[in-house]
1. Let me confirm something: among G101, G86, which residue is out of contact with any Lys or Arg (no Cβ under 9 Å at 6 or more places or on another chain), at pLDDT 95 or above and among the small types (G, A, S)?
2. Which of the residues that make up the range 10-28 are assigned to a loop (DSSP other than H, G, I, E, B) and at pLDDT 85 or above?
3. Specify the residue that is farthest from P23 (Cα to Cα); the eligible residues are those in the range 38-56 that are at pLDDT 95 or above and among the β-branched types (V, I, T).
4. Considering each residue of the range 60-85, count those that are exposed (fewer than 13 other Cβ atoms within 10 Å of the Cβ), more than 15 Å from L24 (Cβ to Cβ) and in contact with a strand residue (DSSP E or B) (Cβ under 7 Å, 6 or more places away or on another chain), and give that number.
5. Only residues that are part of a strand (DSSP E or B) and without any contact (Cβ under 8 Å) to a residue 60 or more places away in the chain: list them for the range 91-101, please.
Amino acid sequence: MTEAQAQARTGHYEDMQSAPRFPLHLSASVKSQGSAYSAETENISANGVLFAMDKDVPVGSMVDFTILLPADVVGARKDVQIDCRGRVVRSFEDRGRRGVGVVIDEYHFERA
């Protein structure tokens, strides 16, 4: 990666960090490279999600994940499922669990 590419990525990541984050703790399913993991969201923004999980997913990995929003939380009659595709931009350890930050590249809402 060239220095210009690294700076562009860093600037994009900093821009994503500026989006308001909401501390939502929801169950999620994360799939990467043929493996599936259970996770819990720590916070969600318009640009991405921070997951708490037991497994590490390396930075740069492409991931597919599903988050289920309970009907009573979103004011709907049925639960709402969000299917997303993104990439890992951050991974760290915190109190024995992994924190995995994912940028959302695509998403699709479905009624569960």
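The values are calculated or read from the model by the stated rules, or taken from the named source; none is laboratory data. It should be emphasised that the depicted structure is a prediction, and the values quoted were computed from it without experimental measurement. Note: ideal-geometry Cβ built from the backbone for every residue, glycine included; neighbour counts use all protein chains shown.
1. G86
2. Scanning the range 10-28 gives P20, R21, P23, L24, H25, L26.
3. The qualifying residue farthest from P23 (Cα to Cα) is V49.
4. So the count comes out to 2.
5. Those that are part of a strand (DSSP E or B) and without any contact (Cβ under 8 Å) to a residue 60 or more places away in the chain: S91, F92, E93, D94, R97, R98, G99, G101.
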